[in-house]
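Every number in this text was worked out from the coordinates using simple rules, so none of it is lab data. Given the structure is predicted, the values throughout are model-derived calculations rather than measurements. Cβ: placed from backbone, ideal geometry, glycine included. Neighbour counts: every protein chain shown.
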Amino acid sequence: MNYTPAPYPLVECRLDILRDNVKHITNRCHDAGVTVAGVVKGVNGKLPLVRQFVEGDCDQIASSRLEQLYDIKMTGIQKPLLLVRIPMPCEVPNVVSICDITLVSEVATMEALNEECLKQNKKLKVIVMADLGDLREGFWERDELVDACVRIETKMPGLELAGVGTNLGCYGSIQPTVEKMDELIAAAEAVEAAIGRQLEWISGGATSSFVLVNDGVSPSRINHLRIGENILLGRDLQVDWKITNMQYLRMDAFTLKAQVIEVKNKPSHPVGKIFMDAFGNFPTYVDRGIRRRALLGLGKLDLANIEKLIPREEGIEVLGGSSDHTILDIEDYEGDLKVGDILEFDLCYNTLLFLTSSRSVILRYFEGEQEVFE
């Protein structure tokens, strides 16, 4: 018995739009003296999309997942590969064999990487992370940061101390500011004083730190950024941060198309004793009376946070859903929606990340209106 995948749900990927976004980012960064690591984990390292980062002149290709970097390496892409999640000890052999650069924050891991580099006769560049308040990875005490860097420089011949970096805005929601960048520069300069040379990179963060480059206020010594969402979608800074001078980035490189599987009038408030949903949550509901509703044939298994979908047509509201269903309120939709119809949605980073990892979601690639078969 043969199985033919259904054509929906579908994500259409516009390679030309993505490539233009890459070029806009890299041109502005390069003009400011900033090296760009293009982070491709948001599309799960899909190779047709990775190639747009290469063609758009990213200096490095980055991901948090070694399997993605391995696949990229096996294609023969010549860009340096950067691991943007500090390594697990069990990953050390693969980090050394696959990557050119990695972030680090634990001396024990650095020592393991050094030993593996000597075994594999390879030199691995490392960026030592400083925690400036976002409370994810990195050294909290500057003295410990400097001591670790001196140890790499003097006692770990398999490693090359390439830089000092930080992460902001991912866990602790700390906004990158000029003051935070100056704090990072001070830490890097303390390292430079201790080792007697200048570092290759001071890595100032990710998409959120690009605001400083965009506004022309990033300190000149910040010369490395790790950018993903702002290339892929350009949405976080323009929509959530309300940055108004970034309209050169398009937000429609990706379109979700999903099929309607039910259309009915139903109460807007569940009927019966409300307890717990399938995911262990205790949600609340607003009683708006009988409303027109539609179901789509995809759910949390495909995109996790259903509520973050962005309908392209007016009058459609995403209510929520379950593992396999997305529930829409279409009471105010002016069209005549019926079973089998296809609805389109814009994506945010969260939904794109999950959709591109789902086996149930088809990806199709386009140059303009012409489909490209990879």
- Query: Around G228, which amide H atoms from residues at least 5 apart in sequence, or from another chain, sit under 5 Å from its own amide H, with H modelled in the peptide plane?
  - Reply: V39, T207
- Order of 181-187, 330-336 by packing, highest average Cβ count within 10 Å first? 181-187, 330-336
- Message: Quick one: 3J(HN,Hα) in Hz for the range 214-225, Karplus 6.51/-1.76/1.60 with θ = phi - 60°, rounded, Gly and Pro as x.
- Response: 4, 8, x, 10, 5, x, 5, 7, 6, 10, 7, 9
- Query: Which whole-angstrom value gives the distance between the alpha carbon centres of the range 136-163 and the range 74-115?
  - Reply: 15
- Message: Please compute the modelled spin-label separation between E371 and Q175, points set 7 Å along Cα→Cβ, answer in nm with one decimal.
- Response: 4.5
- Task: Would you mind checking which residues have amide H under 5 Å from V372's amide H? H placed 1.01 Å from N; only 5 or more apart, or other chain.
- Result: Y365, F366, E367
- Note on the structure: Output ordering of 364-370, 211-217 (per-residue mean of other Cβ within 10 Å, highest first) is 211-217, 364-370
- What spacing in nm lies between the two simple spin-label points modelled at V217 and Q78, each 7 Å away from Cα in the Cβ direction? 4.0
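Please sort by residue number the chymotrypsin sites (Phe, Trp or Tyr not before Pro) in the range 146-230 whose DSSP state is loop and whose Cβ has at most 15 other Cβ atoms within 10 Å.
On the way: sites: Y171, W201, F210; in loops: Y171.
Of the chymotrypsin sites (Phe, Trp or Tyr not before Pro), the ones in loops of the range 146-230 whose Cβ has at most 15 other Cβ atoms within 10 Å are Y171.
Summing -39500 (n - 2.57) over the DSSP H runs of n ≥ 4 in the chain and dividing by its residue number, what mean residue ellipticity at 222 nm do you reach, to the nearest 500 deg cm²/dmol? Don't jump to the answer; show the numbers that get you there.
Working: 11 runs with 108 residues, N = 374.
Estimated from H runs of four or more residues: -8500 deg cm²/dmol.
What is the dipole size for the range 254-372, taken about its Cα centre, with +1 at each Lys and Arg Cβ and -1 at each Asp and Glu Cβ, in debye to the nearest 20? Display every interim value, and only then the final one.
Numbers: 14 positive and 20 negative charges, 121 e Å.
That gives a dipole near 580 debye.
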- Projected onto the charge dipole of the range 223-374 (+1 at Lys/Arg Cβ, -1 at Asp/Glu Cβ, origin at the Cα centre), which of F254, L298, V271 gives the Cα projection farthest towards the positive end? V271
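Relative contact order for the chain: what percent, with Cα pairs under 8 Å and sequence separation of 6 or more? Present the calculation step by step, with values, prior to reporting the outcome.
Values: 778 pairs, mean separation 68.0, N = 374.
The normalised contact order for the chain reaches 18 percent.
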- For K155, which aspartates and glutamates qualify as cross-link partners when the Cα separation must be under 12 Å and same-chain residues fewer than eight apart are set aside? E111, E115, D147
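Near K264, within a Cβ-to-Cβ distance under 9 Å, what is the net charge of the other residues, with Lys and Arg +1 and Asp and Glu -1? Provide the component values of the computation, followed by the final result.
Working: positive: K266, R292, R293; negative: E262.
Taking every Cβ under 9 Å from that of K264, the sum is +2.
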- Item | Cα gyration tensor shape of the range 254-372, rounded if a/c is under 1.5, else prolate or oblate by comparing a/b with b/c | oblate
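Which of rounded, prolate or oblate describes the chain when judged by the alpha-carbon gyration tensor and an a/c cut-off of 1.5? Please list the in-between numbers first.
Working: a/c = 2.02, a/b = 1.91, b/c = 1.06.
Note, shape of the chain comes out prolate.
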